[in-house]
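Written below as structure tokens is the structure these notes are about.
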Amino acid sequence: MEHEQGGRRPMQGPQEPKYGRVEIRPGVYHPVELGPKGRAASARPAVPNVGGIAPPPPRRRVPSARPLNLKELAPVIVKIEHAMREQVKRLSPLHVKERSLLLNAFGKAMQKRGPMITHSDTVNPLQFGAVWKDLGVAMSQEQVLALFEKHGASGGRLPVQAFCEALLAGAPRAMMMQNDGAVQRGAYKAGVPATHTGKIKYPECKKGVWPPSDWDPRVAERSATTPDVRLTLEFVYGYDGMQATAPNVFYTSSGEVAYYAAAVGIVYDKRAHRQRFFLEHDDDIVSMAIHPDRRTVATGQVGKDPAVIVWDTGTCESLATLQQGDGNRGVGALAFTPDGKRLAAVCTDNNHTLYLWDWSRRKVLMERRTYNGTPPATYGIVFSAFEHQRFATWGQNHVKFWALGEDHAGGVTCEVKSGSFAGAKTFTPLSAVFLSSGVVLTGNQSGAIASWRGNKLLRETPGHATGKLINRPDGPPMYSGVRCLVLQDERTLLSGGADGYVIKWDVSKGDLGAPLQRIPLLRPEQMGVVTLPALRALDCFPGSQVFVAGSGACNLWEVDDMPEVLVQGASGALNGLAMNPQFPHVFATLSEADTVVVMSAATHKPLRVVQLGMKGECARSGAFSPDGQHLAVGLSGGGLQVMEFHPNVTQVAWCKDSNESIDELKYSPCGRFLAAGSHDQLIYIYDVKPGYRLRCKCTGHSSTVTHIDWAADSSVIMSNDQAYEILYSDPRTGRQVKENQRDTRWATWTCVLGFPVMGIWPPGTDGTDINSCDRSPSGRCGDDISLLCRPAPPHTRTWRVLPLRAEPATAS
């Protein structure tokens with residue numbers, strides 16, 4: 001009563017539900033719970049009150065779940081899928097495919113064998129979560145439902161096979177296909193937003209490339225700028241002892257040595273063991289001449305319109321540039337007149353045209369044809385130091401003697417006579433010098449020295465051994481013979497031969513006399529062990545008994561009482577360079593020779609010269625192991641020689657699984673594997689610990705393998721070939737990896753094809769224009785011996801001589 005008096009409604013306990021009957025078919029009724037207005041709340045059959053037992057209370061209604069927000073869950077789902085793939089990859093035994101392992105796991109939950117699972121087999125969320133819990137990837141119910149929604153579940157069930165395919169192969173492919181309809185042609189361009197995240201095709205690469213999944217367009221903006229460091233040329237190892245046909249090593253008035261390599265003019269200071277550089281040539285230098293003042297030099301290059309540049313060796317500054325004309329191809333020989341006012345240049349066009357320049361006024365005084373034939377056919381030119389109007393040219397099976405004059409108008413005239421071999425067998429002179437008597441001496445390929453008076457051959461005097469048989473510049477084989485003739489003074493001649501000797505001759509009587517001294521460049525203990533250095537150039541320091549020599553092994557020698565190598569080079573065409581990861585100043589050069597030179601970038605001197613064990617084999621590639629102890633060398637005959645580098649050089653393994661050259665070598669970051677790319681289009685994977693045992697072969701390339709890089713976790717290798725393909729392989733099995741590797745982190749990047757390096761190719765180039773590239777350890781810079789921000793912009797000028805030191809950029 002007091003509740004009623006207070007105006008409040010009395011509290012009521014829970015009301016018992018009311019039931020009614022619903023006829024579900026003729027004559028059959030089911031009790032149902034009635035709603036507030038006497039209507040059936042549901043068609044759920046009610047339990048009748050049988051035997052006085054009250055029906056059970058109704059189930060409480062479960063509130064509806066919050067709808068999935070797939071957009072919010074997308075980043076989490078991507079991470080979960082990545083974790084799934086990594087876990088399956090980690091759990092897969094060596095010879096079991098990841099797909100098989102995953103199907104077996106689902107088959108266990110479905111109580112059937114994995115191979116028996118068909119496209120119609122499905123699982124519910126509880127089964128799905130249990131499978132992944134067993135595999136080590138735990139998920140919430142919401143995340144499971146989001147995965148079901150993403151992968152097309154129907155009726156609350158997910159097709160097992162479709163999910164496995166999408167997870168292991170289709171997920172990366174789906175990301176690519178999102179933009180497949182808009183394939184970009186060419187690399188990103190400076191000034192244009194780099195927002196394209198789909199497939200990119202560019203001419204130098206046979207297959208398309210993709211940016212990383214988390215691609216930030218601002219990175220492309222940075223790559224269009226120059227890095228905040230610059231490359232500074234520090235030292236050039238070796239000199240051009242292979243292509244030059246004329247003298248190309250000279251002492252300067254200061255006692256330094258002037259020579260060249262590639263497109264760089266070099267002035268070497270022996271006392272400080274340092275170099276200065278002239279860098280104004282834009283293509284390979286192939287000739288050099290020294291001015292009578294011994295300070296000024298001229299260098300000639302190759303090119304469509306080749307240039308001769310006269311420059312100062314003291315300041316390395318240009319004094320004059322003389323363009324030889326379109327179509328002349330190159331400048332094969334140079335010589336200053338004895339008064340230094342004129343400069344003669346012989347070009348490598350089919351006529352081997354001779355141009356006589358007044359170089360200070362940049363004016364051509366005379367133009368003559370020297371020899372008609374396939375270049376280079378005229379090898380050199382030399383003026384007489386005693387009769388300033390006389391000079392000689394020589395080359396393939398000929399020698400010519402020239403005399404300059406003047407006409408009535410003050411113009412230059414020229415008289416020329418071809419050398420007469422006077423019944424003797426025609427030979428190819430390789431060098432020449434004038435004596436004070438007017439006699440001309442020429443060094444022949446046979447090792448003899450010929451004497452000429454006027455234009456007639458007087459005799460041939462044996463002097464040097466022939467040396468090894470080499471290819472003549474125009475192709476046919478010949479002996480190196482006597483490439484160097486130079487007067488030490490008016491009474492003494494020096495000759496340098498392919499036999500590794502310098503011979504002093506008496507010429508005091510106006511002709512070649514008796515030999516005075518034979519000077520070997522090798523020490524007695526080196527004879528028979530080290531290959532004899534074939535001399536290519538020779539010059540005397542004025543007023544001294546010391547002379548400098550260049551060898552066919554591209555080494556620079558100074559010869560006095562104790563001959564020594566001033567600058568070490570590569571003995572053949574340079575095929576590779578290997579840096580030691582534990583000793584950054586140590587590197588090895590691999591050349592077309594039977595030796596490997598291990599150099600120090602700190603001292604610029606050789607640490608070791610290693611003789612290869614297999615006769616007739618040349619080094620084609622090389623790599624240091626991650627601990628820096630092993631040096632692997634790939635050989636031209638398909639062999640693989642592994643040497644212990646420190647503390648002593650000893651062979652630790654020899655493998656021969658290919659019959660063709662090993663052109664590329666790379667150790668895995670973990671140090672367990674060595675990948676060897678062969679000319680036979682295969683990649684051989686060696687297991688290091690069991691003594692470099694062959695583990696597997698990676699197939700799929702249609703051409704010679706040129707570059708290899710390893711993933712940072714050593715799980716995948718990336719390779720390029722001469723057909724401009726990019727392939728990915730599993731080093732454990734040798735199988736190709738079909739999944740896209742756009743998000744793989746690579747330990748190194750030396751491949752010339754791929755997304756990060758698509759901008760290094762200048763417009764109009766083909767796949768042969770860039771042969772190598774390298775990413776800096778910081779991952780910010782890298783290119784074919786130029787320095788670019790990664791990813792590389794479309795075009796940057798490149799240098800072609802190593803080593804280069806990276807220094808902080810300074811404002812200029």
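The values are calculated or read from the model by the stated rules, or taken from the named source; none is laboratory data. Everything quoted here is computed from the prediction, not taken from an experiment. Note that we place each Cβ from the backbone using ideal geometry, even for glycine, and neighbour counts take in every protein chain shown. The protein model used for the area step is the full one, side chains on, heavy atoms only, and it has no ligands, DNA or RNA in it. Shrake-Rupley method; radii C 1.70, N 1.55, O 1.52, S 1.80 Å.
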> Around A333, which amide H atoms from residues at least 5 apart in sequence, or from another chain, sit under 5 Å from its own amide H, with H modelled in the peptide plane?
Replying inline: V346
>> Compute the helix-to-body angle for 70-91: its Cα long axis versus the longest principal axis of the chain, expressed 0 to 90° and rounded to tens.
In response: 70
> Taking a label point 7 Å from the Cα of V96 along the Cα→Cβ vector, which residues of the stretch 121-149 have an amide N closer than 13 Å to it?
Replying inline: 135
> Based on the alpha-carbon gyration tensor of the stretch 457-531 and its eigenvalue square roots a ≥ b ≥ c, which shape applies: rounded if a/c is under 1.5, prolate if not and a/b is larger than b/c, or oblate?
Replying inline: oblate
> Which FRET efficiency value, to the nearest 0.05, is calculated for K363 and K417 with the Förster distance at 30 angstrom and r the Cβ-Cβ distance?
Replying inline: 0.65
>> I need the phi-derived Karplus couplings for the stretch 340-357: 6.51 cos²θ - 1.76 cosθ + 1.60, θ = phi - 60°, integer Hz, Gly and Pro marked x.
In response: x, 7, 10, 9, 9, 10, 9, 8, 9, 6, 5, 8, 6, 5, 9, 10, 9, 10
>> Run the numbers for D283 and A409: contour at 0.36 nm per residue of separation, minus the present Cα-Cα distance, in nm.
In response: 41.5 nm
>> Quick check: the distance between the Cα centres of the stretch 412-473 and the stretch 635-714, to the nearest angstrom?
In response: 50
> For the stretch 308-382, taking Cα atoms only, what is the radius of gyration to one decimal and the Dmax to the nearest whole Å?
Replying inline: 12.4, 39
>> Need the full-extension length gain, D339 to M110, defined as separation in residues times 0.36 nm minus the C-alpha distance. One decimal, nm.
In response: 72.6 nm
>> With the crude spin-label approximation of a point 7 Å out along Cα→Cβ, what separation in nm comes out for A424 versus M562?
In response: 4.1
> If the chain between E234 and N350 were fully stretched, how many nm would it gain, using 0.36 nm times the residue separation less the Cα-Cα distance?
Replying inline: 38.0 nm
> How much accessible surface does C347 have with a 1.4 Å probe, in Å² rounded to 10?
Replying inline: 0
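Shape call for the chain from the C-alpha gyration tensor, a ≥ b ≥ c root eigenvalues: rounded (a/c under 1.5), prolate (a/b greater than b/c) or oblate?
Here the chain falls in the prolate category.
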>> Output wanted: per-residue J couplings in Hz (rounded whole) for the stretch 601-607, from phi through Karplus 6.51 cos²θ - 1.76 cosθ + 1.60, θ = phi - 60°, x for Gly and Pro.
In response: 6, 7, 9, 6, 10, x, 8
> Distance in nm between label sites at R453 and E490, each 7 Å beyond Cα in the beta-carbon direction?
Replying inline: 2.0
> Distance in nm between label sites at S213 and D293, each 7 Å beyond Cα in the beta-carbon direction?
Replying inline: 6.8
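Suppose R0 equals 35 Å; then what is the FRET efficiency for V649 and A385 from their Cβ-Cβ distance, rounded to the nearest 0.05?
It comes out at approximately 0.15.
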> What list of ³J(HN,Hα) values in whole Hz, one per residue of the stretch 641-653 in order, does the Karplus curve 6.51 cos²θ - 1.76 cosθ + 1.60 (θ = phi - 60°) give from phi, with Gly and Pro shown as x?
Replying inline: 10, 10, 10, 7, 8, 9, x, 10, 8, 9, 7, 10, 7
> Long-range amide H contacts for L566: which residues qualify at under 5 Å (H placed 1.01 Å from N, peptide plane, sequence gap of 5 or more or a different chain)?
Replying inline: L556, W557, E558
>> Going by amide H atoms built from the backbone, whose H comes under 5 Å of the H on C484, apart from near neighbours?
In response: G496
>> For a Förster distance of 35 Å, can you work out the FRET efficiency between the beta-carbons of L522 and E317, rounded to the nearest 0.05?
In response: 0.35
> So which lysines pass the test for K468, namely a Cα distance under 24 Å, with those fewer than 8 places away in the same chain ruled out?
Replying inline: K425, K504, K615
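Counting pairwise Cα distances across the stretch 518-665, what percent come out greater than 25 angstrom?
Percentage above 25 Å: 33.
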> From the square roots a ≥ b ≥ c of the eigenvalues of the alpha-carbon gyration tensor of the stretch 559-616, which class results: rounded (a/c under 1.5), prolate (a/b over b/c), or oblate?
Replying inline: oblate
> Just going by the charge dipole of the chain, with Lys and Arg at +1 and Asp and Glu at -1 on Cβ, which of S420, A258, G186 is farthest out on the positive end?
Replying inline: G186
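For each pair in K417/K456; K108/K133; K71/K150; K304/K417; K79/K666, compute the distance between the two Cα atoms and list the pairs where it is over 21 Å. Spell out each step's value before the answer.
Details: K417/K456 10 Å; K108/K133 13 Å; K71/K150 11 Å; K304/K417 30 Å; K79/K666 31 Å.
The answer is K304/K417; K79/K666.
As a check on your grasp of the helix formula, calculate [θ] at 222 nm for the chain: sum -39500 (n - 2.57) over DSSP H runs of n ≥ 4, divide by the residue count, round to the nearest 500.
-3000 deg cm²/dmol
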>> Which order do you get for K400, K71, K605 if you rank them by accessible area with a 1.4 Å probe, largest at the top?
In response: K71, K605, K400
